[in-house]
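What follows is a short report on a single structure.
The values are calculated or read from the model by the stated rules, or taken from the named source; none is laboratory data. Since the structure is predicted, the reported quantities are computational estimates derived from the model, not experimental observations. Cβ atoms come from the backbone with ideal geometry, glycine included; neighbour counts cover every protein chain shown.
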Amino acid sequence: MNWTAVATIYRAEMARFWRTFLQSFISPVLSTSLYFVVFGSAIGSRIQEVDGIDYGAFIVPGLIMLSVITQSISNASFGIYFPKFIGNIYEILSAPINFLEVVAGFVGAAATKSLFIGVVILCTASLFVDLSIQHPVAMVAFLLLTCLSFSLMGFIIGIWAGNFEQLQLVPLLVVTPLVFLGGSFYSISMLPPVWQTITLFNPVVYLVSGFRWAFFGQADVPVLLSLCAIGGFTLACMGVIWWIFKTGWRIRA
């Protein structure tokens, strides 16, 4: 592993993040505050508790997952698409580095940025509600795996995208609806039986459920199944990226 190459790509991507640090910091704080005003106050006044958990605290894992997933995809997709757009991708491909080192640099930076956003949202949420994390190690594991897996997905989207509009196509039309319908702001046990079954086909359900279990010790689906789901998704994304670099699809044309 050429760690110098990995560090170079990583530092270049992080430098772009630090140039917009204030924007990157304020945006999640404001959006989290608005979610608490809308969901925590308006809906929370009608729904006091969910499964014995205060509703304001109940939505925190979902809020973190929503932001982490969207930020991971956005950062990784733009990170690899921009070199394609300006033509620098050919310099990277011609350098004596393999695809693992390229992916480690871009995806590592994207995952770091989304992890930062997740921590900021967690700290912001603690100002509104009392939070207790029953399984901190599991919480960190789910957070890291989510940042990594969806950064890998964003990397694939960035390679696939042919213009800037397509960068937002999958996050807006596919990922965001799946997150909102994946139990981020409610328990799927509150749904009718038929819809509970349908919801189980939503992969985001397993992420939110496992992450919420790390906080409160309660989950809509078994925790081991959640870990298998996120692990399988990560491996699938790595397999797709390996195929892309092997065939040169969308990066050598």
Inset, instruction - For the stretch 22-50, enumerate the residues that are exposed (fewer than 13 other Cβ atoms within 10 Å of the Cβ), at pLDDT 75 or above and not β-branched (V, I, T). - result: L30, L34, E49
Inset, instruction - State whether the residues of the stretch 209-220 include one that is surrounded by fewer than 20 Cβ atoms within 10 Å (Cβ to Cβ), closer than 26 Å to G108 by Cα and among the basic types (K, R). - result: no
Inset, instruction - Just name the residue that is farthest from L207 (Cα to Cα) out of those in the stretch 158-175 that are among the β-branched types (V, I, T) and buried (at least 17 other Cβ atoms within 10 Å of the Cβ). - result: I159
Inset, instruction - Please tell me if S77 is assigned to a helix (DSSP H, G or I), more than 22 Å from L131 (Cα to Cα) and among the polar types (S, T, N, Q). - result: yes
Legend entry - Identity of the residue in the stretch 238-253, among the hydrophobic types (A, V, I, L, M, F, W, C) and without any contact (Cβ under 8 Å) to a residue 40 or more places away in the chain, that ends up farthest from Q134 (Cα to Cα): A253
Inset, instruction - Go through the stretch 208-237 residue by residue and tally those that are assigned to a helix (DSSP H, G or I), closer than 21 Å to S132 by Cα and out of contact with any Ser or Thr (no Cβ under 6 Å at 6 or more places or on another chain). - result: 7
Inset, instruction - Could you list all residues from the stretch 93-136 that are free of Cβ contacts under 8 Å to residues at least 12 places away in the same chain, closer than 23 Å to S72 by Cα and part of a helix (DSSP H, G or I)? - result: V119, C123
Legend entry - Selection status of A125, crowded, with 18+ Cβ neighbours inside 10 Å, modelled with pLDDT of 95 or more and touching a helix residue (DSSP H, G or I) at 6+ places or on another chain (Cβ under 9 Å): no
Inset, instruction - Go through the stretch 79-117 and give me each residue that's among the aromatic types (F, W, Y) and either crowded, with 20+ Cβ neighbours inside 10 Å or under 19 Å from N2 (Cα atoms) (or both). - result: Y81, Y90, F99, F106
Legend entry - So R11, is it at pLDDT 85 or above and exposed (fewer than 15 other Cβ atoms within 10 Å of the Cβ): yes
Inset, instruction - Filter the stretch 177-203 down to residues that are in contact (Cβ under 8 Å) with a residue 12 or more places away in the chain and either of a type outside the set (V, I, T) or surrounded by fewer than 17 Cβ atoms within 10 Å (Cβ to Cβ) (or both), then give me how many there are. - result: 14
